[in-house]
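Have a look at the structure below, then the notes.
Laboratory data are not the source of any read-out in this text; all were calculated from the coordinates shown. Note that the structure is a prediction, hence the values are computed from the model and not measured. Here the Cβ positions follow ideal geometry from the backbone for every residue, glycine too, while neighbour counts run over all protein chains shown.
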Amino acid sequence: MPYGQGRARGLGADVLGVHGVEMDNLVALGLPVVPGLTVPIGSGTGLENRETASTAIDLLEKLAVRGIWPEVRTERRPMLMHLRCSAPVAVSALPPAISAIGLSSRNIDALVEVIGRERDIYDSWAANLRFVAEGALEIDTDDLDDLDDDHPDSRARVPALLELIEKSTGATFPTDPAEQLGLAAKAMLARWASPRGQRARKALSLPGDLGIALHVRALRLGSWDESGYGSAISRDLESGKYAPHGVFHLGVRRADPNPGPGAPLTHTPGGVQILDQIFATLEPHLRAVAEVEFEVRDRQLALLSAGALEHPGPRAVTNLAVDLATGQSIGRSEAVRMLEPDLMQDLLHAQLTLSGREQLLAHGLPASPGAAIGEIALSSERALRLAAEGKNVVLVASETSPADVPALLAATAVITSNGGLASHAAVVARGAGRPAVCGATTLRIDLGAATVTSDGITLSEGDTVSVNGRTGDVYAGAVPIRPAEPSPELEVLLGWADEIRELGVRTNADNAEDAATAFRLGAEGIGLCRTEHQFLGDQLPLVQRLVLAESEAEEIEAIAALTAAQQSDFTELLRVVGDRPITVRLLDAPLHEFLPSDGHYRDDAQAERAAATHESNPMLGLRGVRFAMVQTRLYPAQAEALFRAWVTVNAEGLTPALEVMVPLVSLPGELTEAIAQVHRAAETVAADTGVTVPYLVGSMIETPRAALLAAPLAAEAQFLSFGTNDLTQLTYGFSRDDVEKTMLAHYLEHGLLTNSPFAVLDRDGVGALVSLAADNARSVRPDVKLGVCGEHGGDPESIAFLDSVGLHYVSCSPRRVPVARLAAAHAAL
Ligand code: PEP
Ligand code: MG
């Protein structure tokens with residue numbers, strides 16, 4: 001049936017094939033399509049009947065107002081036929097199209113005269129004869145291969161093929177177009193039914209007996225110089241802007257799937273503009289970047305196919321969504337829905353421009369997105385020195401610790417051979433927006449020889465590597481980088497996302513710089529300021545002094561130094577926070593992270609003191625509130641520093657909404673005591689300054705016990721924030737620093753897990769605890785504020801779940817804020 005009629009009769013792809021539906025849709029949209037017919041699925045063998053094929057050709061000639069030439073209707077302009085097929089679903093392994101059906105010794109000379117380009121016409125003819133000989137006439141493939149080898153020139157190959165066909169079948173190859181069409185259909189159906197075709201379908205998990213529809217269309221012929229065919233897409237994928245581009249070929253389309261490079265689209269007769277109307281209709285209809293194949297005859301364009309471009313990339317999707325909504329073709333929610341949060345990530349980070357010729361050095365976990373190049377530094381000292389000289393450095397280490405933070409921040413990227421997505425290097429890199437690849441287990445670091453080796457490649461310290469934190473790939477040498485450029489269109493789309501979402505989006509930031517970045521990216525406040533991070537680097541000795549203090553006097557002195565340092569850090573941070581909310585978490589650090597990594601102590605007594613703090617499982621040890629129960633001066637000192645900083649910025653006209661948070665609580669009693677410590681600090685500041693600082697005080701929910709006891713905790717706490725990193729660690733009993741290294745790959749491979757539970761929240765276990773805790777907390781304090789500040793707060797899939805259990809906000813690394821905004825909107829749609 002002619003293109004356009006199947007849809008009119010209510011038929012779908014199960015009858016018409018996807019191409020039949022596609023062409024019918026184009027007709028329905030009023031777009032010019034090439035004259036053609038669809039032979040429904042299951043009816044293709046009918047064309048092997050000459051009468052049926054002849055009727056089809058009559059119809060096609062009428063539609064095209066042309067004739068297969070110069071057989072009978074010499075008064076009409078010439079055409080040949082083109083046959084292709086399609087299945088009810090998009091399939092990549094379809095038999096190839098057959099072009100130029102109808103050629104014969106009776107019309108070839110006349111056609112060459114009209115069209116020119118004898119060699120191209122013969123190429124098509126030879127390709128058709130071979131396909132039919134193999135598929136419909138069962139001629140031996142080896143004979144055909146030998147023939148091809150003997151006759152590289154198609155003008156000699158065609159007569160040889162015709163001779164071989166005659167010899168093998170005992171009959172001459174038909175000159176009758178109807179018989180040729182029948183044979184072409186038979187060959188195509190045979191290829192589809194062949195064991196090779198069946199295998200291809202099996203590989204794609206498609207049923208072996210899936211049918212195909214055949215599509216016969218007119219191949220209209222004319223002078224080579226005015227006719228041609230091309231393919232185009234509607235947008236420039238780099239910029240995302242509407243800018244049709246593609247290629248145009250003068251002449252007749254050949255069966256050859258690689259017809260050469262072609263000319264730019266501007267060479268199309270009639271210019272690129274002849275596609276404007278097509279794309280203006282198609283983009284809103286498809287809600288996608290449009291891809292078309294077309295032909296031009298006498299400056300008239302007809303579509304051969306049209307559809308949505310696969311994987312157009314985030315820029316094109318963003319611009320298209322904004323353009324369509326601005327042009328009122330779709331609503332804003334629809335526009336927001338078009339951009340997947342995962343895809344958007346690529347817009348926010350630099351990317352490597354890969355050519356395919358790169359040398360892959362190692363592959364690890366994509367721990368922090370972005371791309372960077374730099375020379376290898378195998379120690380923090382070297383990284384810092386080179387960075388100070390203005391060089392780009394990539395820090396390569398087996399793993400990192402707090403002492404490496406300054407080097408990590410100075411480096412353009414970090415690579416570790418051990419450690420997972422929640423390892424120290426990964427968390428710090430994500431927070432600081434540095435690309436990171438962690439757990440690159442094939443990487444051998446030889447500090448003695450100052451080399452790294454992986455997959456047979458050895459590089460020396462100082463050699464250049466390129467890091468792709470989005471894929472986990474590390475390349476030897478410098479790969480060009482495309483910088484991140486969040487476009488104005490993305491800002492517009494995120495603005496619409498903000499109108500839709502219900503979940504608040506805050507950031508995890510410990511310093512003014514990160515906070516400023518996050519606010520620029522749309523964070524509404526700080527959901528987690530890890531105060532221990534303020535003591536990394538230069539300030540590490542301050543905590544060491546407290547941990548290793550041997551007398552009360554030393555302890556008081558250490559606390560005073562620590563408070564002074566914190567107060568100035570807090571003041572700087574609160575100035576950036578302005579009137580927004582900020583959740584300041586009191587110190588939570590496994591003590592070993594603060595002790596000298598070189599094992600050098602002032603004296604034996606101090607060394608003994610350090611040995612006494614040693615723990616077999618520091619992550620289960622004297623962390624968080626537990627340390628504050630033992631060292632009762634710490635939290636009051638921290639809270640006092642914070643409140644004094646608030647008084648300072650408040651005098652400058654700012655009113656940050658303070659939320660003081662107690663980490664790693666398991667017992668309501670711990671929380672009661674810590675809250676009392678905080679209140680005492682507030683009273684001291686009030687007595688001292690005359691200012692009563694407003695603040696909320698709340699608890700993290702990081703242990704399963706805390707989740708189960710959310711009701712009594714909420715009775716004390718004005719807010720609860722789920723620390724899903726520790727909650728995942730403790731619910732599974734998986735060490736967050738080691739799981740990726742030791743077992744995750746195996747679990748993923750064997751289907752025991754589908755994702756790292758540290759990257760995507762485990763709904764069944766950890767999620768169930770979050771949901772239960774949220775319900776219980778609300779039952780005692782209906783207005784309790786509930787948030788999440790684990791890494792899951794920046795993961796789209798986890799955000800969808802967190803939205804569904806009615807949390808108020810998520811808090812994530814600064815660079816993930818836009819993703820969280822979009823994901824939260826998707827969750828609300
Ligand atoms: C958490 O446990 O989820 C959390 C936010 O705290 P941290 O990652 O600092 O342990
Ligand atoms: Mg934690």
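Once every DSSP H run of n ≥ 4 in the chain is given -39500 (n - 2.57) and the sum is divided by its residues, what mean residue ellipticity at 222 nm do you get, rounded to the nearest 500 deg cm²/dmol?
Mean residue ellipticity, 222 nm, calculated: -12500 deg cm²/dmol.
Using the eigenvalues of the Cα gyration tensor, what equivalent ellipsoid semi-axes result for the chain when each is taken as the square root of five times the eigenvalue, whole Å, largest first?
68, 29, 23
On a 0 to 90 degree scale, rounded to 10, what angle separates helix 177-193 from the longest Cα axis of the chain?
Taking Cα atoms only, the helix is inclined about 30 degrees.
Applying a 10 Å radius around every beta-carbon, put 707-718, 28-39 in order of their mean neighbour count, most first.
Going from most to least packed, we get 707-718, 28-39.
Between THR692 and ALA715, what FRET efficiency comes out of the Förster formula 1/(1 + (r/R0)^6) with R0 = 30 Å and r the beta carbon distance, rounded to 0.05?
Result of the calculation: an efficiency of 0.80.
With angles folded into 0 to 90 degrees, how steeply does helix 552-577 sit against the dominant principal axis of the chain? Use alpha carbons for both and round to 10.
Relative to the chain, helix 552-577 is tipped by roughly 40 degrees.
Order the peptides 771-783, 795-807 from the highest to the lowest mean number of other Cβ atoms within 10 Å of their residues.
The densest-packed peptide leads the list: 795-807, 771-783.
Determine which aspartates and glutamates satisfy two conditions relative to LYS167: a Cα distance under 13 Å, and not lying fewer than 8 residues away in the same chain.
LYS167 reaches GLU138, ASP140, ASP143.
Restricting to Cα pairs below 8 Å that are 6+ residues apart, what does the relative contact order work out to for the chain? Please round to a whole percent.
9
Could you give the nm distance between label points at LEU748 and GLU499, where each point is 7 Å from its Cα heading toward the beta carbon?
If labels sit at LEU748 and GLU499, their model points lie 3.9 nm apart.
Can you tell me the 0 to 90 degree angle between the C-alpha axis of helix 634-651 and the longest principal axis of the chain, rounded to 10?
70
Sum up the charges of everything whose Cβ sits under 13 Å from the Cβ of ALA53, counting Lys and Arg as +1 and Asp and Glu as -1, but leave ALA53 out.
Working: positive: ARG50, LYS186; negative: GLU48, GLU51, ASP58, GLU61, ASP176, GLU179.
Cβ neighbours under 13 Å give a net charge of -4.
Could you give the nm distance between label points at ARG602 and SER568, where each point is 7 Å from its Cα heading toward the beta carbon?
2.1
Label HIS311 and TYR732 with points 7 Å out from Cα along Cα→Cβ: what is the distance between them in nm?
Once both label points are built, they end up 2.8 nm from each other.
Round to the nearest 0.05 the FRET efficiency obtained for ALA171 and HIS245 when R0 = 41 Å and r is the Cβ-Cβ distance.
Calculated transfer efficiency: 0.25.
For a Förster distance of 25 Å, can you work out the FRET efficiency between the beta-carbons of THR442 and ARG385, rounded to the nearest 0.05?
Efficiency computed from Cβ-Cβ geometry: 0.35.
Please sort 303-309, 442-448, 96-102, 748-754 by packing, taking for each peptide the average over its residues of neighbouring beta carbons within 10 angstrom, highest first.
Working: 303-309: 19.4, 442-448: 14.0, 96-102: 21.9, 748-754: 10.7.
Going by the mean number of other Cβ atoms within 10 Å, highest first, we get 96-102, 303-309, 442-448, 748-754.
Using just the alpha carbons, could you tell me how many Å³ per residue the convex hull of region 228-312 encloses? Could the numbers behind the result be given before it?
Details: hull volume 8.1 nm³, N = 85.
Dividing the Cα hull volume of region 228-312 by its residues yields 96 Å³.
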